[in-house]
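This report refers to the structure that appears directly beneath it.
The values are calculated or read from the model by the stated rules, or taken from the named source; none is laboratory data. Remember, it's a predicted structure, so these values are computed and weren't measured experimentally. All Cβ positions, even for glycine, are placed from backbone atoms using ideal geometry, and neighbour counts span all protein chains on display. Remember, those area values only see protein heavy atoms, side chains included, never the ligands or the DNA or RNA. Shrake-Rupley method; radii C 1.70, N 1.55, O 1.52, S 1.80 Å.
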Amino acid sequence: MAVSVDEAVSTGPARDHTPPARRLGSRGRSVLEVALLTVLAVVMLFPVLWMIETSIKENRDVYAIPAKFFDFKVTLDHYKDVFVDPGGGRSALSVSFLNSVVVAGVSTVLATVLGVPAAWAYSRFAVKAKKDQLFFILSTRFMPPVVVVIPIFLMYRQVGLIDNKLGLILIYAAFNVPFTIWMMKGFVDEVPAEYEDAAMLDGYTRLQAFRRFTLPLLVPGIAATAVFALIFSWNEFVFATFLTSSDDVRTAPPAIAGLIGGTTTDWGLVAAASVVFALPVLVFAYLVRKHLIAGVTLGAVRR
Amino acid sequence: MAGIEVSALHKRYPDGTVAVEHVDLSIGDGELFVMLGPSGCGKTTTLRAIAGLERQTTGDIRIGDTLVNDLPPAERDIAMVFQFYALYPHLKTRDNLAFPLRAEGLPKPEVHERVNEAARLMRLGPLLDRRPRQLSGGEQQRVALARALVRRPRAFLMDEPLTNLDAELRADMRTEIKHLQGELGATMVYVTHDQVEAMSLGHRIAILNKGRVEQIGTPLEVYDRPASLFCAAFIGSPPMNLIEVEVADGQLRSQGGLVLTPPPGLARDRRLVAGVRPEALEVTDPGAERSVPARVVSAEWLGDEIIYVVDHGGRRDVRVRMPPTVRFAADAKVGLRHTGGTPAVYDVRTEELVA
Ligand SMILES: Nc1ncnc2c1ncn2[C@@H]1O[C@H](COP(=O)(O)OP(=O)(O)OP(=O)(O)O)[C@@H](O)[C@H]1O
Ligand SMILES: [Mg+2]
């Protein structure tokens, strides 16, 4: 084919300030698209920008009316306050961040260690009422945390898991295992079972075959799944609020929320803590973005 | 090497599908045994049961003198080549070949030596440092075969190993496999649904249908005297003409008047079908000696031969194989003559060979 219509159009003088239009007569549409997307981006990103701005403003500027967008003095005091107690030593917030790391990390590892082999088993073996079992497993995710938090609270009180990091770890893992099983089953289904068959004929046991041949091929899927689980545990608020109370155990979400209220609220500190809280998730999501897309389109699509 | 004995094999999958109804096989040491049958007849299931990848519901499997029913695949000392080659994607050819040996814990120099030997046999020298992704389909197939070879197993199982190759390569690989099997004196069970592959490779062929063995025999036996109507319709391209006949005056006579030599000892009152190969018939000029009237429906020129489809006695699908020099136009009135010997005769009701 020769030059197509839109190429011919886009080589015209308009080329410098509009991106090549996809179809003849669609330049107007693409302007509208860009405009709408810009509006959307502003609406979506403004709170984030405002949060970042607030975190680097001095308290005076935070409360200024009219609000100051650009002409304020930059300070990193709030970030210092996130980590260092005004009286010296570690701040309560920094402890809660550490708790978050431990709780989210351990619960994700737990969910992965339990969920991946389970997904493999559901994918490879003839299990009685497989579909029903899988549906049951998924159904545990249907219930929003607020609905189950009271019974969980009562049960935890019986066994002494209230205000205990282990308690949070267990409940997060329990919430993430079904998700891990479902997502990983999609990935395992994609790996031909013949690899394991061949390995077993080569002299390996079934488990060795899984560990040495299927598992390495699952790493991208595991990474994507684990990041999803990690994000869930990291962000979780309801359980963390109800099941923990002391500063030593609290995770970051309730700790940050706890800064709001009382007689005065140090918005600069809240904003700085929120930025610090959001960063790890962003970094992780960025690192595995390719797998995340693969995970969403491949692992999550059921046949 | 060792023979394989399969007796009264029955396999029912957990979902209730009966994949193998009843299969008895006795495969000799050093034999190239082909299992042939249409899709879904249970070939793969039988093979996987022999390999130990699938546990049979009932029945016994022996490899050599060992009853292997309860042995895991690893302990059966068998190699299998899959239709999908199952080369480990993250390993180079060299390591793909070495893997089964490392699993056995062979010392390094020996592994090296065996890998090189298999690579030489399958001419893989230049491919040793590539990953499966970097190999063509035919090359992957050769690597898969080599991987089966390195272990020097007691038997080879092949599940449609050539299906993914194009026609020409397939013919080459067929020759190669046959040659290799002869050279190694290997026991080999080869599954295919391609009858040309079966005929050209097999010492013996088992024809499977719906989880049962319909016939076991040499390619010639299977071709000449198919044991059932199913086999008759399955083997040969085009397959046998199955013509309804009746016994009259010591002859077999079709509705259109075609007369065939009857095998001895036929009962009169049965409804019979004669299996006549296309090459046992001849299209002649109308009114030629011993011919019956027929009409050409169509002709397929295949270059080295012509397949005539003729209308005879109310059937419009009688196929005749003729040399390319004999030409009749479509719709021409012609004669049809039987030139072969005694045909195979089947009972319509039991669908089995009568004589
Ligand atoms: N894991 C399984 N669970 C349930 N049914 C199965 C399973 N594997 C195969 N089957 C069924 O068993 C029957 C025989 O299958 P098998 O794979 O042995 O056929 P095949 O002869 O190898 O066919 P093909 O030539 O298509 O490979 C089929 O009806 C198939 O649907
Ligand atoms: Mg098959």
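Taken as a whole, the range B:130-144 holds no residue that is among the polar types (S, T, N, Q) and within 16 Å of ligand 2 (Cβ to nearest atom).
B:R114 fulfils the conditions (1) within 14 Å of another protein chain (Cβ to nearest Cβ); (2) crowded, with 22+ Cβ neighbours inside 10 Å except for a single criterion, (2). Across the range A:119-130, the qualifying residues are those that are assigned to a helix (DSSP H, G or I) and at pLDDT 90 or above, and the one among them that is farthest from the other protein chains (Cβ to nearest Cβ) is A:A119.
For the range B:29-40, which positions are more than 9 Å from ligand 2 (Cβ to nearest atom) and more than 18 Å from B:M199 (Cα to Cα)? B:D29 - this is the single residue of the range B:29-40 that is more than 9 Å from ligand 2 (Cβ to nearest atom) and more than 18 Å from B:M199 (Cα to Cα).
Could you tell me whether A:A174 is of a type in the set (A, V, I, L, M) and touching an Asp or Glu at 6+ places or on another chain (Cβ under 7 Å)? Full working, then the answer.
Details: of a type in the set (A, V, I, L, M): yes; touching an Asp or Glu at 6+ places or on another chain (Cβ under 7 Å): no.
Against the criterion (of a type in the set (A, V, I, L, M) and touching an Asp or Glu at 6+ places or on another chain (Cβ under 7 Å)), A:A174 does not qualify.
Look at (1) surrounded by fewer than 16 Cβ atoms within 10 Å (Cβ to Cβ); (2) under 26 Å from B:R270 (Cα atoms); (3) out of contact with any helix residue (DSSP H, G or I) (no Cβ under 7 Å at 6 or more places or on another chain) and you find that B:P324 fails only one, number (2). When you scan the range B:219-242, do you find a residue that is open to solvent by less than 10 Å² (accessible area, probe 1.4 Å), over 30 Å from B:I27 (Cβ atoms) and modelled with pLDDT of 90 or more, even just one? Yes, because at least one residue in the range B:219-242 is open to solvent by less than 10 Å² (accessible area, probe 1.4 Å), over 30 Å from B:I27 (Cβ atoms) and modelled with pLDDT of 90 or more. Scan the range B:86-100 and tell me whether some residue there is polar (S, T, N, Q), closer than 19 Å to A:A209 by Cα and modelled with pLDDT of 85 or more. Yes, the conditions are met somewhere in the range B:86-100.
I'd like to know if the range B:62-81 contains one or more residues that are surrounded by 22 or more Cβ atoms within 10 Å (Cβ to Cβ), within 15 Å of ligand 1 (Cβ to nearest atom) and either within 11 Å of chain A (Cβ to nearest Cβ) or at positive phi (or both). Yes, the conditions are met somewhere in the range B:62-81.
Contact map, the range B:24-40: first residue under 11 Å from B:A2 (Cα atoms), second residue among the aliphatic types (A, V, I, L, M), Cβ cut-off under 7 Å, separation 6 or more or different chains; pairs are B:I27/B:I4; B:I27/B:V189; B:D29/B:M1; B:D29/B:A2; B:G30/B:M1; B:G30/B:A186. Note on the range B:192-217: residues that are open to solvent by less than 50 Å² (accessible area, probe 1.4 Å), β-branched (V, I, T) and more than 8 Å from the chain's Cα centre (by Cα) total 1. Name the single residue that is least open to solvent (accessible area, probe 1.4 Å) among those in the range B:1-60 being charged (D, E, K, R) and within 13 Å of chain A (Cβ to nearest Cβ). Ranking the qualifying residues of the range B:1-60, first place goes to B:K11.
Would you call B:G59 at positive phi, away from ligand 2 (no atom under 16 Å from the Cβ) and in contact with a helix residue (DSSP H, G or I) (Cβ under 6 Å, 6 or more places away or on another chain)? No; evaluated as a whole, the condition is false for this residue. Is there a residue in the range B:146-154 that is assigned to a helix (DSSP H, G or I), surrounded by fewer than 17 Cβ atoms within 10 Å (Cβ to Cβ) and away from ligand 2 (no atom under 16 Å from the Cβ)? Within the range B:146-154, not a single residue is assigned to a helix (DSSP H, G or I), surrounded by fewer than 17 Cβ atoms within 10 Å (Cβ to Cβ) and away from ligand 2 (no atom under 16 Å from the Cβ). Scanning the range B:83-110 for residues that are within 16 Å of ligand 1 (Cβ to nearest atom) and open to solvent by less than 10 Å² (accessible area, probe 1.4 Å) returns a single hit, B:A86.
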